[in-house]
Each structure stands twice: as C-alpha cells, then as structure tokens.
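Asks: Have a look at this one before I ask anything.
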Protein chains: 6
Amino acid sequence: MRLDQRAQSDMRKIQLETDVNKHAEGSVLISVGDTRVLCTATVEEKVPPFLRGKRHGWINAEYAMLPRATAQRTGREAVRGKQTGRTMEIQRLISRALRSVVNLEKLGERTVWIDCDVLQADGGTRTAAITGGFLALVLAVDGLIQSGKLTDTPIKEGIAAVSVGKVGTELLLDLCYEEDAAADVDLNLVMTSSGKIVELQATGEEATFSRKEMLDMLELGEKGIEELLHAAEQSLGASWWYVGEEVEHK
Amino acid sequence: MRLDQRAQSDMRKIQLETDVNKHAEGSVLISVGDTRVLCTATVEEKVPPFLRGKRHGWINAEYAMLPRATAQRTGREAVRGKQTGRTMEIQRLISRALRSVVNLEKLGERTVWIDCDVLQADGGTRTAAITGGFLALVLAVDGLIQSGKLTDTPIKEGIAAVSVGKVGTELLLDLCYEEDAAADVDLNLVMTSSGKIVELQATGEEATFSRKEMLDMLELGEKGIEELLHAAEQSLGASWWYVGEEVEHK
Amino acid sequence: MRLDQRAQSDMRKIQLETDVNKHAEGSVLISVGDTRVLCTATVEEKVPPFLRGKRHGWINAEYAMLPRATAQRTGREAVRGKQTGRTMEIQRLISRALRSVVNLEKLGERTVWIDCDVLQADGGTRTAAITGGFLALVLAVDGLIQSGKLTDTPIKEGIAAVSVGKVGTELLLDLCYEEDAAADVDLNLVMTSSGKIVELQATGEEATFSRKEMLDMLELGEKGIEELLHAAEQSLGASWWYVGEEVEHK
Amino acid sequence: MRLDQRAQSDMRKIQLETDVNKHAEGSVLISVGDTRVLCTATVEEKVPPFLRGKRHGWINAEYAMLPRATAQRTGREAVRGKQTGRTMEIQRLISRALRSVVNLEKLGERTVWIDCDVLQADGGTRTAAITGGFLALVLAVDGLIQSGKLTDTPIKEGIAAVSVGKVGTELLLDLCYEEDAAADVDLNLVMTSSGKIVELQATGEEATFSRKEMLDMLELGEKGIEELLHAAEQSLGASWWYVGEEVEHK
Amino acid sequence: MRLDQRAQSDMRKIQLETDVNKHAEGSVLISVGDTRVLCTATVEEKVPPFLRGKRHGWINAEYAMLPRATAQRTGREAVRGKQTGRTMEIQRLISRALRSVVNLEKLGERTVWIDCDVLQADGGTRTAAITGGFLALVLAVDGLIQSGKLTDTPIKEGIAAVSVGKVGTELLLDLCYEEDAAADVDLNLVMTSSGKIVELQATGEEATFSRKEMLDMLELGEKGIEELLHAAEQSLGASWWYVGEEVEHK
Amino acid sequence: MRLDQRAQSDMRKIQLETDVNKHAEGSVLISVGDTRVLCTATVEEKVPPFLRGKRHGWINAEYAMLPRATAQRTGREAVRGKQTGRTMEIQRLISRALRSVVNLEKLGERTVWIDCDVLQADGGTRTAAITGGFLALVLAVDGLIQSGKLTDTPIKEGIAAVSVGKVGTELLLDLCYEEDAAADVDLNLVMTSSGKIVELQATGEEATFSRKEMLDMLELGEKGIEELLHAAEQSLGASWWYVGEEVEHK
C-alpha cells in the first residue's frame, strides 16, 4: 500500500479545467493529485528566425515553478538572473514532445507558445505539463479553425505523459513527491494515443536497473497514459475532434 | 456608465479564496474583477544580513506576472535574465506597505516572504497584490501563534490598496485595464483599517492634475479601501482576530 | 531648529551651473545643499522601436550614483551586472516627470536622453535630478531651435521637484540625508510652474500618516517648488524663453 | 552501407589517450571517429554546501564545446553570458551517470570535477564525454589510492555510453553528425560493465517509435557499450584494477 | 603646430582640485585639457579573501565614463549588465600602477578603493585617472596618519602617467581625442618620481613602429611625467610630505 | 641555470602542429614548453555592423582557458556568466596584434575569427596564442586563395610574440609559470618578421624598472621572436608563401 492508499498501478486523481484564462488562445489547469500546473497556449503570427520563409510553424514551451510551489520556498529564477539547468531541460522536453504530434507545415508560419507554470508541486510536474500543455494546444488549434485561419487540423494524434519509478523493490505508477525523492529509478514516458513512444527517459539516481525492470515500468506507464488520454478526451469534448481528424469547414 | 456598467465609485467584484496552496504558511487567491493574483506567505527562520542579531524581523515581497497574464504574451523575466524596472518598483511598494502595519520587533528574528504571482491581469495588479499579500501574511501569523512560536500578534492593523484614475474628465474607482490605459492620472492608495495612509502615489501620464482632483481621487480610494477591508475581514473569519489584537495564549 | 540651522520651511542653498559639459546638447550641475547631480541632455535623431513612424518623440532618463557619492562606498552597478530596484524606480520617475511637460509630437521623431549622475549625495537626489534634468532638457531644446531643427518649443511649462518629510512630529522641507534617514514619512512632489501636480509620492516608512499631514506636506513642497523654479528661471536666462512660449524664428 | 562504409552495428574507431594534461589528477583524450573530447578529473578536498558534514563525496561534471568544434562556428557561451539549455542538460546527464557507479560515501568528503571539453564534434559528444570522463575519474581515484588518501576504491563498476538512432527505416549504432541530423529517433544509452542500465533516453524528433524499435536499438547499444568498455580496460591497464575491486594497501 | 596650437612636446593645461567630495577619505578632480576625471579614495578596514590574515593591504581601482563624457553618448555599462573589455583593462592598469608605489605591508590589513569616473573625455582618460588616483590615495593616507591609524607612510614615491603618440610622422605628447583617433602608434607611460618605469604600453593600431620611435616617445613621455609630478606636488602641499617620507608622529 | 636547465636567453621547445581540426578554415596546435594552445581560424563572409559597406574586412580573436589548463582548476567563465578582465584584455591584444599585419581592405568584406583555447598553461599563453593564431590565419588565407575568393594575400608580413621577465636580478626569455609568478617585471613583445614592434607591454608587478632594463629585455625578446618566426616558416611550408608575397593565380 502506498502513502495515499493507492495500488502500485493506480494514477492519482486527474482533473482538467479548461478556459481558465481570458486572454490565452487556449488554457488548462491540470491537477494530478496535488500537482497543479497552469498551461496556456499563445498563438503568435510569426516564426523564429531559423524558420522564416520556410512555410513551417513552430511550437515552443516554457516551464517555471512559482516560488512556493514547493515544500521549501525556491528562489525566483528572474531574481537569480537565469533559469536553472533543470528548468531548461524540462522545457526542451515539453517542446519536443508537443512537436512530435503536430504537422508543423500544416500549422503554417506561426508559433504556438505553451507556458506551463507550476502552481503547486507534488511530483510529476513535467509530465503534467506535457499532458496539460497538449490540451491548451488543441484549444488554440480549435480557435484557429473556428476563426478560419486553419482549415485542417495540424494535430496528428493525442499525447500524454506520466512518471513511473522504482522505490525499494516496488515499481510504482505516477509518483508523488515523497515517492519520487525515495526512488532509485525514475522513468518518464511520453506516448501518443496510437500507442507510439515519443520520449522515454529512464534514469538511475545513484543506482542502475535491468532491461526487465525497464519493460515493467514501461507497461505501468502505458496504463497511466491511457487513463490520461481518456480524461483528456472527456475534458476537451467537441474540441477533441481536432485531434488527428480532418476538419470540414463548419 | 463604465465599460462594465459600474458607477464611478463602484469596485469590481472582490473574491478572496484562502488556503489555496498546501505548502505555504499562508495563501490567498485574490480576484478583483478579472485580475487574479496568487499570494503566498513563507516563514523563514532567519533574517537578511543587515538585520542579524538585532531582534528584528523582516517582510520581503516579490511580484511577477505569468507570461500570459496579459492580453499579449509578455516574455518571461527569467528568460530575459532580469526583472524589469516595473516589477522591481512594484515589489518594493508591496514590501514597504506590508511592513508599515507590522511590528517587526514582535515578529522576532524571522523573515516572511510574500510572493504575489499574477495569474490574470486586468488592471490593479499591484493593489490586489498588497490586499491579498496582507491576508496571506495574517494567515502565516495565525500559524506562528497556533504553533506557539509567537504569543502576541505583530500585526498592528489591517491594510488594503486600490487604484483610482482620471479618465477624460471623470474620476473612477478601481480601474480595469482599458480604463487604466486611457487614464491621464493614476493614483494608487494604500490605507489601514484606522484610516491612515501608508502610501499614496499619484502620477500624471504625460499629464498633470490639481490638488482638488487629488483629494477627490483620495476620497474615492477611501471608499474602495473600506470595501476591501470588509471583504478581508469576512474572508479571514477567526484569523482576523490576529489583526491588531493582543492574543491570549489559547 | 534643524541640523543646519534651517527653519522647517527653508530650502537648502540651490546652485545651478549650466554648460558644464562640452559634448552634451544641454548640461547642468545642480547643487541643493551638499547634494550634487550632473545632468546632461543628449539629442538622438531616432525613437525607440515602439514609436517608430508615429511622428512622436520620446524622453528617456537614466540615473546613477558614483560609488563614493554616499557616506559609505556603494558597489558599482556595472560591476554587480545590474541596476538596483531603487535606481530603476528613480529613472522611471524622472522620465515620466519630464515627459509630462513636453509635447512629444512637437518634439518630432527624436529622443532626448537625460543622464543624471549623482556626484555627491546628501538627500533629495531624485528630486534634484528632475529639477536639473529639466534645465538640461531646455538647453537641448534651445539648441534644436537655434539650429533650425525645431521652430516651436515642445516644452509646455516649467517643472521642478522637492522632498518633504515628517521627522518625529515635525514636517520639514527639503530633507538632508540625516533627516531623510530619520523620517517616518517621505513625500516627493513634482510640480509645474502653473501649480499643477505631476507626481506625488507619499510613503510611510514602517509608519502611516493622515490626510491632514499629507496636505501640510504638500503645502511645504509647493513653497520649495516655487523657489526652485525661480532659481531655474534665473539660471537659464534667455533660454527660459523656450519654456512654454511660442518661438518666433529669430 | 553507411556514409563511412560501416555496417549498421559497427562502432567508429575508438581511441583513448591517457595522461594528456600535466596538471589534472586524471585526464583522457577520447576519440570516437572524428569526435574528440578532452576529459580531465580534478580532486577538490571539499564538498558542496548541501553535503557538508555528511561524510559523503560528490561528482560534478561540466561540458562545453570549443567554438570551432562544429562545422559552423558556435558563439562562445562565456561571451553570451550563459550556458545553453543543451549544455546544461548534457552536464547534468554526465554527472548523474558517473555518480551511479561511485560509492559516494567511500569517496570521502571530497568532490571530483569532471571537465569534458569537445575539441572536435562529429556526433555523440555527450556519450564520448561519459566514457572518457569515467576513465579520467578512475585515474584520479588511482592517484588518491597511490597517495594513501583512499584505501579502498569507491568505484563500483565500469560505465560507458553510446548513441543509437533510427534513420529512415534503419537502426544504426554510434551515429556520426550527418546520421544524427537525419535521424527520426535518437537513443542515448549509459550502461555498466555488469550490463545494468544507468540511463536510457530515447527521443523522437518530430517522430514516434514503437516498443519493438526501442528494444532493437537497446540491443545495438549494448553491443557498442561492450566494445567501449573493452577499449577502456585496455587503455587503463593496471588502473582498471580500481574499477570495482577491493584494493589492498600496497 | 597642433590643433590647439601646442608644440609637439607640450602638455595640455593641468588642473588638480583636491577635497571635492565631502564623504571620501581622499578626492581629486583632475583636468588635463578638456579631460576631467573625478577620483575618490575610500579606505575600507578589510582586505579581499585571498589576503586575509596576511598582514598585507590592497589597492583596488575602478574606472567608468559617464554616458555623455564622450562626443557621442555611450550606453551605460550598468544597463548593458557588464563592463566592457576596455573598462576592465583600464581599471586593472590603474590598480597595478598604484600598487607599484605602495608598500602594501605598511598599509596594514585594509583596502583602498580608488574610483575614477570620467566626467568629460578628450583623450588620455586612463593616464589622468592614474595621476589623479594617486593624489586621492595620498590624501587618504594623510588621513590615516592624522587619525593615528598609520604611523609611517606606505607610499614609496610619487607616480604619474601620460600618453604619447605617433600621428603621421610626428611624435606628440599628451594626445587629445582627435590626435588619439588619428594616431598610428599609442604609448602610455606610467613612471615614478625617481624616474623608474612602472608600466609602458606601446601599441600599433593596424601599424608597427621601430625601437628608435619607441625611445623617442619614451623621452617625450618622461618630460610630461615631470610636469605632472610637479603639479601634483604643488597641489598636495603639506600632504606631499607623505610621499615616500618617514613620518614622525606629530 | 633556470628550473628547466635553460640559459637566460633560451626559448623552450616550440612545436607547431597544423590542420588539427577538420572543420576550421585554419588550425594550429602550438606548444611552447608545456604551454599548449589550440588556435582555429574561421572565415565568416560578413563584417561587424560598424564596418558594413566599407569594403573592409575584420579580424576578431577570442581567448579562453580550459578549466584544468591551470595547476588549480579555474571556474568556467560560461558558468560564472562573464569573461574576466584578464581574458578580455588578452583577446583584445591578440586581435590588435593580428590586425597590424593584415591589409584589411585586401581581405575584403569578411571576418576571420581566431579562437585561441588554452589546453594546458605553463606561462606565456597570450604570446603563444598570438604566434599560433597567426599561423591559423595564414592557413585560412591560403584556403581563400586556393578557392579563388582572394587573388592577392592580405598578409603584410609575419608576426610572433614572446614574454621576457626580470626575476630577482636576472632577465629571462620565455618565462614558464614558476618564473612568471616570481617575476618583478613582465614584458610581452609582439614583433614582425621585418623587426618592427607591434606591441610592447612592460609591467612592474608591485615593482619598477629602468629604461636600460627595458632595452635589455627587448633585446632578449627579439631573439625569441626570430626563433618563433623561423619555426613558423618551417611549419607552414608552402603556405608561408602567402605571408607578404604577391600571389599569382596558380
């Protein structure tokens, strides 16, 4: 039995609240247990310099934690004058993950910024940011189609992410902070609705693991991804239509 | 009639949700109309170097806006590598305002950090941050007293802040963003529950104003402060007890 | 009686030395008591990006203190790699104040930079910077008109600034450093030659004040402003002509 | 057939030159094909603040590329004033990997710095840095034992790293730059001499992959790791003794 | 004949105004022609970490130009967030030069900061800073002796600095800005009152020079140094006593 | 006799290995004793903004030390977020030196970047960087001519640099680190193949020196320069042809 009475393969409670920001083209507040991440999508009608004139769009994610998202207050990166390596690593991961399910040519010469700000952290903030960021992206695409700027969805399929870990000899799905801190091995899995892997990062923290353990963790992760994608589909309702479907002009 | 049908002296709807963060010693989500600021209080059992050994506490506020708090996305300060002048000016204001109603000697050698993060901006974010930050501070003091670290409240009285502006020839209470952008004169008022002024900043934006106009704006502001303090008292309930009251050990 | 034998409503000695820099389009060394600020105006024939093509000029002020302007040496901001919040707050104030008395359309698509460098500080450096910066600006405008780049002065009226404070129970005009350090309330007033307020910042330093006290301080400040503007007019001589007067081509 | 006539499962030529720096406690110049990384180990007799007094050592790696390590010159990070996200991500990976095979308690209260500077890049710089960095670390440990500062080796087993990729429909071991740039999927594998995984990062670049493909890539990677560890053992000669062996005082 | 009617071996007019800052332990405003540098000396009763406990003092100089010291406004280093290479090179030169004539052991465990701020630049700012900085240093030493903190002067002899250049085929002493900009060779000479060289930097600007030319420039420089040291002695009056003289307790 | 058995006027062993980097347009690994500097030349077909449209090329050098080039590990400038004053001073020196022997008009509107990275330091890194950087430059020019981008060499003559010092009463050529650390006077000499001086920097380190000593040091330096230029000519072989020779199209 886990700290919060979950079984090994249980996800924490998933909540997805959409349209939580009146300015953003898409916005979602995702809660996975006590982890809460505010994700907004901003559509900008230009692309970074290296893509100019290539009839190609771009997706760029940024990630941050509010100072008191954590048990101990963490100093503000803007005050320190730079982002930490951890932050940079995470926002690169989110960006890559979301780009993998978008047809960037169909997106047209525009950038979608995905801002993921952690309001409260309890493990799994990067995976929650990917799952929530994807929903914000879909909502922004919905808006582009409603307004006639796009006629065809650039989104190829759904995507979600989850963590799995090895704590002692147990393999556990969806680690909370205490479990994460105690884990010898930490695996983050990003997967699509068709069951393809987008990113798998398995890391021994001053420890190692076998191929068998990795495969068992992968299996647990797949179960979590399915639940997350189910919740995403429920939450988006009609907007889910834009996930990998040809859109007829309504 | 104003954009949102308010009269000149009407405040927007005030909402104060407490205990919105499981880690912080005090936390409040304040909404004033569509402006939403998440305020957390963190108690740190040490003081900055210039106060060490002086039997004196400190209060330090930080302020930031999420990138998509605004109508257009604003680049992240952590990415640019420094805080803007506007941010620094605002967090200095919040810090000063909160210190003015706290007996820093009674606080003891500890620092309370007040983090004010704007989730959504629609005018008046700095004044909402002061009002919300004060509530987070009171909740943190409540905790210090409940845990026996303090026996007597260091809070001298209540405090709140509001904006007033001159738009065309009209003086308006509690400006929303459109009004603020159109205002010739902008006044921010910070006031205590006993009706004392803590800070008054009246600024002509490429414009000037008379003493009479300033006094009329001050009067409007006082009305807003009263409503804010009333809402604060309702919201804090029993914790309001710690605002300027001698606390007997319970 | 004050430290330096002044009465409550006495200004310190005001000295304004013009044309102290052979390169600048306008330059003034202002002394108010022992506070000495070197102010230069630089005319740049372009505007910041956000104003390009809008037939609109701009005024931008920067402020700094030499390391040993202060009683204790202050580390150089260029060495620390960033400006302090105090510096940013002050230069934003100076910029706003000067823009309030300039018709930016009449200025044409050019920027006037006002650099205010404190050679020696003894209280009231920001207000001296505004007063001195205004004179440097007028001298630069004089040059623009003499050279035929402008035919009509963009300056609407004169402007000056002064501090007032509450020390113990006394209200004092034009605080020197020791008084400023001891003050419970600090008021900075920026006012025009027609008696209009441009900016009023009244701040309780871990203290509060009443409306009555604010009005009394305002009155003291008005007296100081008059003396400063009188000195400014004396100092500028013929160039004062360009303060708010239609200029016939000479 | 690949660009350089290799078969799919062929490594490029591995060269390991030791003791290439007269100052460092350990140093290795590793070449894998045209990729060349200079790795030095520095022993510092103190630990970072968070470990002080915990009878625990630390290993910290830093990574950089010389400006002309790349086909196009890359601007120097010291000139830009910050490390890129890619650099930070890589040095975090190297640090974690090396710590996983070291018993940090046995290392004692000291830090080993591993500096990995890429002299010439042709794909696989991060994996070469891990392999080369490990050798530098072993040489530094050898020195600590020779000088009597350690009596027992803290190194638990050997470690090496290699890249695998999916280019078109082919899975290829040890990608050179052109292959890496063309790859849809990129897998970096860090593995120990006992065949345990330390880190596996499989990333779709705007693409996805199946579990089967991941397992096939893993198998290719294992072959590469074996060859690298064999070369490492040859290169270190007597010093290999310190990899995971109890050391009797000589 | 030169631009300003000087002969080749003429210095510009030298002016040395002492005690120009009421806070600093020593202060001098040096003018050499239109170049004006404000030099202050600050005595700090501690030394940098690398000297702690070594019964050894330190001298550290900093240099900066006000933005409008130059014909075109130069952006403020504090705004750009770093000092330029030119600034760093100059302040290292000033520091080294002043240390060469001070017995740092006799100075005791204290640091003298020499701040050199260029109010107006017209060539030769670094050499004026050395000459002026030395005077500020002597005045600070005078104070240390008057107050009994030192009984014996740590200053070994006088020091001054001057520039010489080759413009076309002419060798010229003490270049003004226009001459400096046109010079093919630029020589900066730092020399003591006993005629010893402290620093000689001769630089071809996209040009070269012969040993003969260097010696001729050196001779011109020596003449300038003598005049500067004579002016320094006149200016310091009784304080010159502390330059290299054993001081009896008065 | 010196530490390494050299006579006063002996250079250390000079080694010049060319074409050590497969990407760079020119590359040299220079060793002078145990000092080893990797120099690469990069040709970029554009010039800095201040030269655009002036039919003029540019040469820009950058310098850095690997962290463990030194006896004690030196923190990485990219981690500290800025280059030290020493680094900036050195790269300005290298840039100036190389520009003095290049006809920048003949170079055409292109920039040659010279990157000098110290792999191992044992005194004289800046002078080795100039000597090695010059060879990399010649090799890049060779390439420009071979490819027909230039028909005529822009290089006017050869250049090299060496250090000389006064240690105790001895004058020594080509100081190693221990000698450099003990030296009272340090002279760096940059000279051309026709015996002209490009730069001479003679510095007393808390010491002074006479004109006679400077001339004796200069003479020692000239001997070293000759040996360096001889080695350079041997090393470049046919490419030496491009040093100051009219090139017929081959």
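The values are calculated or read from the model by the stated rules, or taken from the named source; none is laboratory data. These numbers come from a predicted model, not from an experiment. Here the Cβ positions follow ideal geometry from the backbone for every residue, glycine too, while neighbour counts run over all protein chains shown.
Asks: Please state which of the following conditions D:Asp152 fails to meet, knowing it meets all the rest: (1) under 18 Å from D:Ile59 (Cβ atoms); (2) crowded, with 18+ Cβ neighbours inside 10 Å; (3) among the acidic types (Asp, Glu).
Replies: Just one mismatch for D:Asp152, condition (2).
Asks: Can you pull out every residue in region E:175-188 that is touching a Leu at 6+ places or on another chain (Cβ under 9 Å) and either charged (D, E, K, R) or touching a residue at least 60 places away in the same chain (Cβ under 8 Å) (or both)?
Replies: Result: E:Cys176, E:Glu178, E:Glu179, E:Asp186, E:Asn188.
Asks: Mind listing whichever residues of region A:210-232 are facing another protein chain (nearest Cβ under 9 Å) and either among the basic types (Lys, Arg) or crowded, with 23+ Cβ neighbours inside 10 Å (or both)?
Replies: A:Arg211, the sole residue that qualifies.
Asks: Can you name the number of the only condition in (1) more than 19 Å from D:Pro67 (Cβ to Cβ); (2) in contact with a Pro (Cβ under 9 Å, 6 or more places away or on another chain) that F:Gly85 fails?
Replies: (2)
Asks: In region C:147-162, is there at least one residue being under 23 Å from B:Leu187 (Cβ atoms), at pLDDT below 95 and not basic (Lys, Arg)?
Replies: Yes, some residue in region C:147-162 is under 23 Å from B:Leu187 (Cβ atoms), at pLDDT below 95 and not basic (Lys, Arg).
Asks: Filter region B:81-108 for residues that are over 22 Å from B:Asp34 (Cβ atoms), among the charged types (D, E, K, R) and in a helix (DSSP H, G or I) and give the result.
Replies: Across region B:81-108, the qualifying residues are B:Glu89, B:Arg92, B:Arg96, B:Arg99, B:Glu105, B:Lys106.
Asks: Determine if region C:100-108 includes at least one residue that is of a type outside the set (A, V, I, L, M), within 19 Å of E:Leu66 (Cβ to Cβ) and more than 8 Å from every other protein chain (Cβ to nearest Cβ). Reasoning before the result, please.
Replies: Taking region C:100-108 as the starting set, the residues that turn out to be of a type outside the set (A, V, I, L, M) are C:100, C:103, C:105-106, C:108.
Filter again for within 19 Å of E:Leu66 (Cβ to Cβ), leaving none.
No - not one qualifying residue is present in region C:100-108.
Asks: Which members of region A:1-33 meet the condition of being basic (Lys, Arg) and more than 18 Å from the chain's Cα centre (by Cα)? Spell out the reasoning first.
Replies: First, the residues of region A:1-33 that are basic (Lys, Arg): A:2, A:6, A:12-13, A:22.
If the condition is that a residue be basic (Lys, Arg) and more than 18 Å from the chain's Cα centre (by Cα), then A:Arg2, A:Arg6, A:Lys22 are the ones that fit.
Asks: What about D:Ser9, is it without any contact (Cβ under 8 Å) to a residue 40 or more places away in the chain, farther than 24 Å from F:Val20 by Cβ and in contact with a strand residue (DSSP E or B) (Cβ under 9 Å, 6 or more places away or on another chain)?
Replies: On the way: without any contact (Cβ under 8 Å) to a residue 40 or more places away in the chain: no; farther than 24 Å from F:Val20 by Cβ: yes; in contact with a strand residue (DSSP E or B) (Cβ under 9 Å, 6 or more places away or on another chain): yes.
Criteria not met by D:Ser9.
Asks: Now, a different point. Look through region C:178-209, keep the residues that are under 22 Å from B:Gly204 (Cβ atoms) and charged (D, E, K, R), and return whichever of them is nearest to the other protein chains (Cβ to nearest Cβ).
Replies: Checked region C:178-209; the qualifying residue nearest to the other protein chains (Cβ to nearest Cβ) is C:Lys196.
Asks: While we're looking at this one, here's another question. Given (1) farther than 16 Å from A:Val79 by Cβ; (2) more than 16 Å from the chain's Cα centre (by Cα); (3) not in a loop (DSSP other than H, G, I, E, B), identify the lone condition not met by B:Ala78.
Replies: (1)
Asks: So, restricting to strands (runs of 3 or more DSSP E) that lie completely within region A:151-238, which ones have at least 1 residues that are of a type in the set (A, V, I, L, M) and within 25 Å of A:Val20 (Cβ to Cβ)? Reasoning before the result, please.
Replies: Working: elements: A:159-167, A:170-173, A:185-192, A:197-204.
In region A:151-238, A:159-167, A:185-192 are the strands (runs of 3 or more DSSP E) which contain 1 or more residues that are of a type in the set (A, V, I, L, M) and within 25 Å of A:Val20 (Cβ to Cβ).
Asks: In addition: When E:Val167 is evaluated against the numbered criteria (1) surrounded by fewer than 22 Cβ atoms within 10 Å (Cβ to Cβ); (2) within 18 Å of E:Glu222 (Cβ to Cβ), which criterion, by number, is the only one it fails?
Replies: (2)
Asks: Could you grab me the full set of residues in region E:72-97 that are more than 9 Å from every other protein chain (Cβ to nearest Cβ) and under 21 Å from F:Gly81 (Cβ atoms)? Spell out the reasoning first.
Replies: Narrowing region E:72-97 to residues more than 9 Å from every other protein chain (Cβ to nearest Cβ): E:74-75, E:90, E:94-95.
Hit for region E:72-97 is E:Gly75, nothing else.
Asks: Looking at region E:1-25 only, could you name the residues that are farther than 24 Å from E:Phe134 by Cα and modelled with pLDDT of 95 or more?
Replies: So the first thing to find is which residues in region E:1-25 are farther than 24 Å from E:Phe134 by Cα, and the list is E:1-8.
Those that are farther than 24 Å from E:Phe134 by Cα and modelled with pLDDT of 95 or more: E:Arg6, E:Ala7, E:Gln8.
Asks: I need the full set of residues from region E:14-25 which are acidic (Asp, Glu) and either facing another protein chain (nearest Cβ under 8 Å) or touching a Gly at 6+ places or on another chain (Cβ under 9 Å) (or both), in order please.
Replies: To start, the set of residues in region E:14-25 that are acidic (Asp, Glu) comprises E:17, E:19, E:25.
Listed by number, the residues that qualify are E:Asp19, E:Glu25.
Asks: Filter region C:34-71 down to residues that are over 17 Å from the mean Cα position of the chain (by Cα) and part of a strand (DSSP E or B) and give me whichever is farthest from the other protein chains (Cβ to nearest Cβ).
Replies: Pass one, region C:34-71, residues over 17 Å from the mean Cα position of the chain (by Cα): C:43-57, C:66-71.
Still in the list and also part of a strand (DSSP E or B): C:43-44.
Working: C:Val43: 9, C:Glu44: 7 Å.
Looking at the filtered set, the residue picked out is C:Val43.
Asks: Which numbered condition in (1) hydrophobic (A, V, I, L, M, F, W, C); (2) in contact with a strand residue (DSSP E or B) (Cβ under 6 Å, 6 or more places away or on another chain); (3) more than 13 Å from chain B (Cβ to nearest Cβ) is the only one that A:Val28 fails?
Replies: Against the list (1) hydrophobic (A, V, I, L, M, F, W, C); (2) in contact with a strand residue (DSSP E or B) (Cβ under 6 Å, 6 or more places away or on another chain); (3) more than 13 Å from chain B (Cβ to nearest Cβ), A:Val28 comes up short only on (3).
Asks: Give the residue, chosen from D:Asn60, D:Asn21, that is more than 28 Å from D:Met217 (Cα to Cα) and surrounded by 21 or more Cβ atoms within 10 Å (Cβ to Cβ). Show your work before the answer.
Replies: Working: D:Asn60 fails: surrounded by 21 or more Cβ atoms within 10 Å (Cβ to Cβ).
On inspection, the qualifying residue turns out to be D:Asn21.
Asks: Can D:Val20 be described as β-branched (Val, Ile, Thr) and in contact with an Asp or Glu (Cβ under 8 Å, 6 or more places away or on another chain)? Reasoning before the result, please.
Replies: Working: β-branched (Val, Ile, Thr): yes; in contact with an Asp or Glu (Cβ under 8 Å, 6 or more places away or on another chain): no.
The answer is no for D:Val20.
Asks: Hey, can you tell me all the residues within region D:2-33 that are in a loop (DSSP other than H, G, I, E, B), among the small types (Gly, Ala, Ser) and out of contact with any helix residue (DSSP H, G or I) (no Cβ under 7 Å at 6 or more places or on another chain)?
Replies: Taking region D:2-33 first, the residues in a loop (DSSP other than H, G, I, E, B) are D:2-13, D:19-25, D:33.
Restricting the remaining residues to those that are among the small types (Gly, Ala, Ser) gives D:7, D:9, D:24, D:33.
Across region D:2-33, the qualifying residues are D:Ala7, D:Gly33.
Asks: Does B:Arg110 satisfy the criteria of being of a type in the set (Lys, Arg) and touching a residue at least 24 places away in the same chain (Cβ under 8 Å)? Outline the logic, then answer.
Replies: On the way: of a type in the set (Lys, Arg): yes; touching a residue at least 24 places away in the same chain (Cβ under 8 Å): yes.
So B:Arg110 passes the test.
Asks: Then there's this: Quick one: D:Leu220 ticks every box in (1) among the aliphatic types (A, V, I, L, M); (2) in contact (Cβ under 8 Å) with a residue 40 or more places away in the chain; (3) in contact with a Gly (Cβ under 7 Å, 6 or more places away or on another chain) except a single one, so which number is it?
Replies: All conditions pass for D:Leu220, except number (3).
Asks: Same structure again: For region B:81-131, which residues satisfy the criterion of being more than 18 Å from the chain's Cα centre (by Cα) and either crowded, with 22+ Cβ neighbours inside 10 Å or small (Gly, Ala, Ser) (or both)?
Replies: Those that are more than 18 Å from the chain's Cα centre (by Cα) and either crowded, with 22+ Cβ neighbours inside 10 Å or small (Gly, Ala, Ser) (or both): B:Gly81, B:Gln83, B:Gly85, B:Leu107, B:Gly108.
Asks: Further question: Taking into account only those residues within region A:109-131 that are within 14 Å of chain B (Cβ to nearest Cβ) and in a helix (DSSP H, G or I), which is nearest to B:Thr74 (Cα to Cα)?
Replies: Here is the first cut: in region A:109-131, the residues within 14 Å of chain B (Cβ to nearest Cβ) are A:110-123, A:125, A:129.
After this cut, where a residue has to be in a helix (DSSP H, G or I) as well, the list is A:125, A:129.
Numbers: A:Thr125: 23, A:Ala129: 20 Å.
Looking at the filtered set, the residue picked out is A:Ala129.
Asks: Scanning for something in a loop (DSSP other than H, G, I, E, B), away from chain B (no Cβ under 14 Å) and surrounded by 24 or more Cβ atoms within 10 Å (Cβ to Cβ), does region C:132-140 turn up at least one residue?
Replies: Within region C:132-140, none of the residues are in a loop (DSSP other than H, G, I, E, B), away from chain B (no Cβ under 14 Å) and surrounded by 24 or more Cβ atoms within 10 Å (Cβ to Cβ).
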